[in-house]
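Novice: Can you read through this structure? Questions will come right after.
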Amino acid sequence: MSWLEALAVVLAGVAAGTINTVVGSGSLITFPTLLAVGYPPVLANVSNSVGLVAGGVSGVYGYRRELSGQRARLLRLGVASAIGGVTGAALLLVLPAAVFGAVVPVLVLLGCGLVVVQPRLVRWLGSRRRAAEHAGPLAWALVALTGVYGGYFGAAQGVLLVAVLGLALDETLQRVNAAKNVLALVVNFVAGVYFVLTTHVAWGAAGLIAVGSVIGGQLGATVGRRLPDPLLRGVIVVIGVAAAIALLR
């Protein structure tokens, strides 16, 4: 890898870390960048997942104030994310990419739709307490399934997590986004550990992404925490739709 290619990977990591912290879909930047500099698809996907763990830690730290009081629920939902992440990582190494190719864009668009209608849908369900009671076990299962997708590829898993958590939790969108960052980090971490133990990782590429994504995580937290809920919701939907379109190509 030349120094120009290395710089491109670092900058892609910065962009991915920023986008992942605010919304998700950062892998749509880093993954193609690794392909462009010559890494084969599976190795690029694996190395990308490992590298973005550092950015996830950075983003969670940036949102630490919004995580206050969420420890119990995140421990519970974190189990779902961990199970899903390991399952998705295992599937990456045994299944062809075409298996998820047709389903993923539909899931991302569905997530965008749920983010848009979430305030009205919660009101339609009645009280937030009733919504939480009915969505509890279902939300756990959906978080686990989102973890499967995240461990497999991960682009736009943040959009899906915001959609699920927005319906299940009696919280502001900023606190939902903070919870999303924690759960996405759990998925990337367990998937990364699985990859390190079971397959080859391009540590140079992973390290460059890690450096960039740590910077991006702080940038994303600085920007994302200042956005009012309606604007943040709009950003999530726009990036989610763009991700779905990119995945359909």
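Novice: Evaluate Rg over Rh across the stretch 133-249, taking Cα atoms for both radii and Kirkwood's formula for Rh.
Specialist: Taking Rh as the inverse mean 1/r over Cα pairs, Rg/Rh reads 0.98.
Novice: Can you list the residues of the stretch 178-213 with backbone N under 12 Å from a point 7 Å past the Cα of Leu93, pointing along Cα to Cβ?
Specialist: 191-201
Novice: Where does each of 6-18, 84-96 land if you order them by average Cβ count within 10 Å, highest first?
Specialist: 6-18, 84-96
Novice: Can you work out the Karplus-derived ³J(HN,Hα) for every residue in the stretch 203-213? Use 6.51 cos²θ - 1.76 cosθ + 1.60 with θ = phi - 60°, whole Hz, and x for glycine or proline.
Specialist: 5, x, 5, 4, x, 5, 5, 4, 4, x, 6
Novice: Moving on. Cα centroids of the stretch 50-68 and the stretch 145-208: how far apart, whole angstrom?
Specialist: With the stretch 50-68 and the stretch 145-208 each reduced to a Cα centre, they are spaced 11 Å.
Novice: For the stretch 178-244, what is the largest minus smallest coordinate of the Cα atoms on each principal axis, given in angstrom and ordered from greatest to least?
Specialist: Computed over the stretch 178-244, the largest-to-smallest principal extents equal 42, 23, 22 Å.
Only the coordinates and a few stated rules stand behind these numbers; no lab work does. Because the structure is a prediction, the values reported are computed rather than measured. Backbone-built Cβ (ideal geometry, glycine too); neighbour counts: all protein chains shown.
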